[in-house]
Structure formats: structure tokens, C-alpha cells
Amino acid sequence: MFEVFQTEPGFGLRFSSQEEQAAKARLACEEYIQTRGGGNPESLLTIFSELCSNAIRHGHAGNPEKIVTVELTPMGSRRWTLTVEDEGPGFNVFQLQQELNQTEKGFGRISKLAELVTFQKHGARVTVQCTLPFVPGAPITLTWEGSLARITPTGSLAEDQAGHLRTILLEASQRAESVVLDFTHVKDIDGTSLAVLSLFHKRVRETGKPQKIKLEGAPESVSSLLAAFGINFESLKK
């Protein structure tokens, strides 16, 4: 069993209490974090793995019929809240809190990576807050200013970034009223990413969503390349 559900403003997962399902869930969380950009997710993903492992091995005692529920919520450009809940009986939270500084594993490790750890339902529901380390020159970031989505690629939009670019553009087109494509730091765009931008341009032209779109700061060489492929966001202004 593996199920994705939407929360506001994040997303959630429910999956069978199995290690392979937890690995699948971690990948889904990593992809979601990447669409929001702005930091290195490794610390948060480590916390995710520790909490899921604890739920599967201890909370559920290896019973694959039990369900793990995860909620991942962005609190800012690099700050996240992660909640993992199992169907187990819980544990002695007070005793655990006394022992946190005595181990580098499990909750001891989590407490060192997270800014805040809270327990509910006798420890069967754990919520952590974590700020991701800043990554200079992250290839593509998505930030929100109310209903405005700002997409900021950096460097070269090469073939290996096309999938990430497609995911971000799709999320922006579904949720935003206005989109700003800040291409100030884009050096060049390869054919695959151009095709993604061309499809996005076509989608906006046909659906009228988002209502407003603006290209900012694109170097002349990049603007000329977009124009050569018939990608003119100025023509889409209402």
C-alpha cells in the first residue's frame, strides 16, 4: 500500500510498514523538497529515514499490515516540518528524553539534526522542525510570495535539469496566479530544457493559467535563443 495525499501547504504519504515502501517514500519526499529548492535536504532525509525505521522496527515490530503516515510541510524557503506517525503503542517518552545525549543513533541522532522534536500519542507521532543548509548556486529554486511563484534557475539549464524544470513549471502552473521566471543567472539552455519551456509556453497560451507570467533578467543570448524557438512570454501578458 502506498498513497500520496495533499495537505495545505505541503503533502503527505501513507504506506505499508516495509523498508522498501519507506525507501519509495523517501524518494518522493526528496523530489518534493527539490521542487521547492533552496537547500540541501540530506539532514531532513536522514531524519525521515530514522523515524520511518523506528516506526517499522519498533512501533510496528515488523508487521507489514500496519501503516506509516508522513506529513511534510514547508515553513519557509529552507525550513520544514516533518511528522511521522505509526500505529504502535508508543514508548516511554520521558525516559527517551533523558537518554538523548547518550547516543548517536536513532532519536539521539535526530535531536542533533533537528531544531525541535515533539512527541504525541506516547511517541507514536513524532514531529520535527529542520532548516536545510544553504546550497550556493542551486540549479533551480522555487519560492512563493503569496500566489506569485518565482522560479530561479542558475548556470546552465542542461538535459539533467529538464525533469526538475518540468516539475517546477507544472506546480507553478497549477497553483500560482502569477509566475516570474528569473533568468538573471542563466548562462545557456540546451535543447531538452528548451523543449520543456516550449511546452510550458504552449500550455499557458492554451489554458490562460497562470494569469500573469514574466521573464526577468535573461541575458541577450538566452533571450535570442528563446525567441528562435518561438518562446515569447511577453506575448502572454493579459
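The values are calculated or read from the model by the stated rules, or taken from the named source; none is laboratory data. This structure is a prediction, so every number in the text was calculated from the model and none was measured. Cβ placement follows ideal geometry from the backbone for every residue including glycine, while neighbour counts extend to all protein chains displayed.
Can you find a residue in the range 214-235 that is of a type in the set (K, R) and surrounded by fewer than 18 Cβ atoms within 10 Å (Cβ to Cβ)?
Applying the first criterion (of a type in the set (K, R)) to the range 214-235 yields 214.
After this cut, where a residue has to be surrounded by fewer than 18 Cβ atoms within 10 Å (Cβ to Cβ) as well, the list is 214.
Within the range 214-235, one or more residues are of a type in the set (K, R) and surrounded by fewer than 18 Cβ atoms within 10 Å (Cβ to Cβ).
Where residues in the range 1-53 are of a type in the set (D, E, K, R) and closer than 22 Å to L169 by Cα, which of them is surrounded by the fewest Cβ atoms within 10 Å (Cβ to Cβ)?
If we filter the range 1-53 for residues that are of a type in the set (D, E, K, R), which is where we start, we get 3, 8, 14, 19-20, 24, 26, 30-31, 36, 42, 50.
Checking which are closer than 22 Å to L169 by Cα leaves us with 8, 30-31, 36.
Details: E8: 6, E30: 14, E31: 13, R36: 23.
If we take residues in the range 1-53 being of a type in the set (D, E, K, R) and closer than 22 Å to L169 by Cα, then E8 is surrounded by the fewest Cβ atoms within 10 Å (Cβ to Cβ).
No other residue among G12, G39 is at pLDDT below 95 and outside any helix (DSSP H, G or I) apart from G39.
When R125, R150 are checked against the criterion of being modelled with pLDDT of 90 or more and within 17 Å of P74 (Cβ to Cβ), R150 stands alone in meeting it. Of the numbered criteria (1) under 29 Å from T7 (Cα atoms); (2) exposed (fewer than 12 other Cβ atoms within 10 Å of the Cβ), the one L169 fails is (2).
Looking only at the range 54-63, decide whether some residue is over 12 Å from the mean Cα position of the chain (by Cα), surrounded by fewer than 17 Cβ atoms within 10 Å (Cβ to Cβ) and in contact (Cβ under 8 Å) with a residue 40 or more places away in the chain. Lay out the reasoning, then the answer.
Just the residues of the range 54-63 that are over 12 Å from the mean Cα position of the chain (by Cα), to begin with: 54-63.
When the remaining residues are screened for being surrounded by fewer than 17 Cβ atoms within 10 Å (Cβ to Cβ), the result is 57-58, 61-63.
Still in the list and also in contact (Cβ under 8 Å) with a residue 40 or more places away in the chain: 62-63.
Looking for residues that are over 12 Å from the mean Cα position of the chain (by Cα), surrounded by fewer than 17 Cβ atoms within 10 Å (Cβ to Cβ) and in contact (Cβ under 8 Å) with a residue 40 or more places away in the chain, one finds at least one in the range 54-63, hence yes.
With G76, G62, G88 as the choices, which residue is modelled with pLDDT of 90 or more, closer than 28 Å to E8 by Cβ, in a loop (DSSP other than H, G, I, E, B) and of a type outside the set (D, E, K, R)?
Numbers: G76 fails: modelled with pLDDT of 90 or more; G62 fails: closer than 28 Å to E8 by Cβ.
Answer to the selection: G88.
Checked across the range 138-146, the condition of being under 21 Å from the mean Cα position of the chain (by Cα), closer than 21 Å to A228 by Cα and among the polar types (S, T, N, Q) holds for no residue. Scanning the range 14-32 for residues that are within 8 Å of the chain's Cα centre (by Cα) and free of Cβ contacts under 8 Å to residues at least 60 places away in the same chain yields a total of 3. In the range 79-98, of all residues being in contact with a Ser or Thr (Cβ under 6 Å, 6 or more places away or on another chain) and either buried (at least 21 other Cβ atoms within 10 Å of the Cβ) or not basic (K, R) (or both), the one that is nearest to Q21 (Cα to Cα) corresponds to E85.
Report whether or not I110 is at pLDDT 95 or above and not assigned by TED's automatic domain parsing to the domain that holds W144.
Details: at pLDDT 95 or above: no; not assigned by TED's automatic domain parsing to the domain that holds W144: yes.
No.
Can you tell me which residues in the range 65-78 are among the basic types (K, R) and either over 27 Å from I151 (Cα atoms) or surrounded by fewer than 18 Cβ atoms within 10 Å (Cβ to Cβ) (or both)? Within the range 65-78, just K66 meets the criteria.
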